[in-house]
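Participant: Input: one structure, supplied below.
The values are calculated or read from the model by the stated rules, or taken from the named source; none is laboratory data. Every value quoted in this text rests on a predicted model; they were computed, and no experiment measured them. Because the Cβ atoms are built from the backbone with ideal geometry, glycine has one as well, and the counts that use them run over all protein chains shown. Please note that ligands, DNA and RNA were not included when accessible areas were found on the heavy atoms of the full protein model with its side chains. Shrake-Rupley method; radii C 1.70, N 1.55, O 1.52, S 1.80 Å.
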Amino acid sequence: MDALELLTHDHRMVEQLFRDYHAAASVDQRRAVVEVMVRELSKHAALEELMVYPLAKRVLPDGSEDIDDRLGAHTAVKKTLLELDRLPPGDERADRLMDELRHEVEQHVQDDEDDLLPRLRDAVPQQDLDELGRLLDKAKQTAPTRPHPHAPDEPPALALAAPLAAAYDRLRDRLQRRPKT
């Protein structure tokens, strides 16, 4: 998949996770879905910030302005994810936070798929999108798996912070026996 197809695939996967959450038959199943959601959205956001948004800033006429708005939306998603991640299983606030997260993610998906991704498709040669897709796919293996709303969200500081956050996250994931995706 090229980079834009990969991002769109991530969007479909997260939409399915929201459906899985609402279909879950137990508190434990819902918590497991939350943990996968936290992991996948954290990786997605980190990779967009590290690899896709800098490209958009370079190639789109209004890239800097547009990406600054998107980074603000990412921060809101990461704060909601952090709240969800800290909840104990069965906490009554989980449903409200999942609804809030769904709204934030739906807005992100719509903005990406109706605006950013088509503009990138027009502005970036297919060969570059293919290469970026390969790099994104590989980077998913080492991306942070937890939200870090107060960490840098743009290179070069993000490029320094992300590997440290990812190593810490993966250690926590193992210790807490979180699912691998």
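Participant: For the chain, what does the relative contact order come out to in percent, with C-alpha contacts under 8 Å and a separation of six or more?
Facilitator: After rounding, I find 37 percent.
Participant: Also: Could I get the Rg over Rh figure for the chain? Both from C-alpha atoms, Rh via Kirkwood, rounded to two places.
Facilitator: Using Cα coordinates only, the ratio equals 0.96.
Participant: Return the calculated 222 nm mean residue ellipticity for the chain, to the nearest 500 deg cm²/dmol, obtained by summing -39500 (n - 2.57) across DSSP H runs with n ≥ 4 and dividing by the residue count. Don't jump to the answer; show the numbers that get you there.
Facilitator: Numbers: 8 runs with 132 residues, N = 181.
Value at 222 nm, helices only: -24500 deg cm²/dmol.
Participant: In addition: Which number gives the lysine pairs in the chain that have C-alpha atoms under 14 Å apart and are eight or more places apart or on different chains? It would help to have the intermediate numbers written out before the result.
Facilitator: Details: Lys43/Lys78; Lys43/Lys138; Lys43/Lys140; Lys43/Lys180; Lys140/Lys180.
Close lysine pairs under the 14 Å cut-off: 5.
Participant: Taking the dipole about the Cα centre of the chain, with the C-beta of Lys and Arg at +1 and of Asp and Glu at -1, give me whichever of Val33, Val59, Leu71 is farthest to the positive side.
Facilitator: About the Cα centre, the residue reaching furthest to the positive side is Val33.
Participant: May I ask for the distance between the Cα centers of the stretch 119-146 and the stretch 45-110, given as a whole number of Å?
Facilitator: Result: 18 Å between the Cα centres.
Participant: While we're looking at this one, here's another question. Of the accessible area of the chain, with the probe set at 1.4 angstrom, what percent is carbon plus sulfur?
Facilitator: After summing per-atom areas, the C and S share lands at 53 percent.
Participant: Taking the Cβ of Arg146 as the centre, find all other residues whose Cβ is under 13 Å away and add up their charges (Lys, Arg: +1; Asp, Glu: -1).
Facilitator: With Lys, Arg at +1 and Asp, Glu at -1, the net is +3.
Participant: What is the sum of charges around Asp99, taking Lys and Arg as +1, Asp and Glu as -1, for the other residues whose C-beta is under 11 Å from the C-beta of Asp99?
Facilitator: Net charge around Asp99: -1.
Participant: Measuring with a 1.4 Å probe in the full set of protein chains, what accessible area per residue, in whole Å², belongs to the chain?
Facilitator: Here the per-residue accessible area is 53 Å².
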